[in-house]
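To start, the structure under review is shown below, and the notes come after it.
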Amino acid sequence: MKTQDKSLLTKLVITVMVKLVVLTSLWWVFFHDQRVAVDAKRVSDQMLSPGDITSKKGEQP
């Protein structure tokens, strides 16, 4: 590898590492304590029901 290639590779690796540290820090500060309660009955009702979205031929949504 040329010296310029090694320099570019080093800069790219450093940039990716800094981004990973920043994203991990943001997640840790804002989201790590967040919990979502999941109700299996409610999820199955919502996933299996036809809902309001019914498509018929010739109808505009």
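All of the numbers you see were taken from the coordinates with simple rules; none came from a lab. Bear in mind that the values here come from a model prediction, so they are computed numbers and not experimental data.
May I ask you to compute the full-extension gain from M47 to K2, defined as 0.36 nm times their residue separation minus their alpha-carbon distance, rounded to one decimal in nm?
Result: 10.6 nm gained on full extension.
How many percent of the alpha carbon pairs in the stretch 1-46 exceed a separation of 11 Å?
75 percent
Can you tell me the length gained on complete extension of the stretch F31 to T10, counting 0.36 nm per residue apart and subtracting the Cα distance? Spell out each step's value before the answer.
Details: separation 21, 0.36 × 21 = 7.56 nm, distance 3.09 nm.
Here the segment from F31 to T10 would lengthen by 4.5 nm.
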